[in-house]
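Visitor: After the structure tokens below, expect a handful of questions from me.
The values are calculated or read from the model by the stated rules, or taken from the named source; none is laboratory data. If you're wondering where the values come from, they're calculated on a predicted model, not measured in any experiment. Cβ coordinates were reconstructed from backbone atoms using ideal geometry, including for glycine residues, and neighbour counts include every protein chain displayed. Side chains included, ligands, DNA and RNA excluded: accessible areas come from the protein's heavy atoms. Shrake-Rupley method; radii C 1.70, N 1.55, O 1.52, S 1.80 Å.
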Amino acid sequence: MVDRKAFHTLSYGVYIVAAQTDELRAGCVVNTFQQVTSSPAQVSVAVNKDNATADVIKKAGRFTAAVLDETATMELIGRFGFKTSTEIDKFADTAFATDAAGQPYVTEHACAWASVRVDHTIDMGTHWVFLGEAEEAGVLSKEPPMTYAFYRQVKGGKTPPKASSYDATEAQAAPAPAPAAPAAGTSKWECQICGYVVEVEGDELPADFTCPVCGAGPDQFTRIA
Ligand SMILES: Cc1cc2nc3c(=O)[nH]c(=O)nc-3n(C[C@H](O)[C@H](O)[C@H](O)COP(=O)(O)O)c2cc1C
């Protein structure tokens, strides 16, 4: 028997991996970036095949990783962790720099970064695991790195289905289908972070409402009907 709660005890950080080709600039939040060996400095990351970033990393043969710090906002995590690079240019409203190979890496709310040459790509079913050597790396600030536990417990963040650590047995981030039109006496609101739509009685979202997908509060919702 596999008690999936055992995996809830694992510790991770929260990162944004990114890559660029002539066709697309892509990036997504991951918790699966990690160092594999010290000398040379080899690292790995598991990226869901359905994430746009996976294809771009495969084509570019490289990726960058930014280590998010505890100041990272839900807007930033929502943009890179709940939306797709084929629909929005996630870097348009994000501070970033480019490495020596011309690949973008996020610099806002990031305390460190690395630029990686992919040497091995392993097919793990739902995910590709990219393994390679860090050719550049640097420290960006002294802010403490955000842990996955901090993201979940302090920021109230959720885990979307494409994350490696998603647990389908927990009602985490599977959006409920939105009702077509609001019933009389109700209003309809859209989360600006992850796009979740909710219909509530009356004209206001309750002050203690939190988005069941990404954990955003009422101030992140816009009334749409
Ligand atoms: C906290 C958190 C951790 C995540 N971890 C991973 C991960 O390790 N691997 C992965 O493929 N996706 C992970 N995701 C999901 C992707 O960030 C998400 O599917 C994103 O929208 C993909 O964007 P893209 O289509 O532009 O690549 C995570 C998301 C969050 C919020």
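Visitor: What FRET efficiency comes out for GLU136 versus THR222 if R0 is 41 angstrom and r is the Cβ-Cβ distance? Round to the nearest 0.05. Walk me through the numbers on the way to the answer.
Guide: Details: r = 39 Å, r/R0 = 0.96.
The computed FRET efficiency comes out at 0.55.
Visitor: What part of the accessible area of the stretch 11-153, given as a whole %, is carbon or sulfur when the probe is 1.4 angstrom?
Guide: 48
Visitor: Rounded, prolate or oblate: which fits the stretch 11-153, taking a ≥ b ≥ c as square roots of the Cα gyration tensor eigenvalues, rounded meaning a/c under 1.5, else prolate when a/b beats b/c?
Guide: It comes out rounded by the Cα gyration axes.
Visitor: If you place +1 on the Cβ of every Lys and Arg, -1 on the Cβ of every Asp and Glu, and leave all else neutral, what size is the dipole of the stretch 82-225 about its Cα centre, to the nearest 20 Debye?
Guide: 140
Visitor: Then there's this: Given the -39500 (n - 2.57) contribution per DSSP H run of 4+ residues, what per-residue ellipticity at 222 nm results for the chain, rounded to the nearest 500 deg cm²/dmol?
Guide: Result for the chain: -3000 deg cm²/dmol, rounded to the nearest 500.
Visitor: Now for a separate question. Just tell me which lysines come within less than 25 Å, Cα to Cα, of LYS58; anything on the same chain fewer than 8 places away is out.
Guide: Those lysines meeting the cut-off are LYS49, LYS83, LYS90, LYS162.
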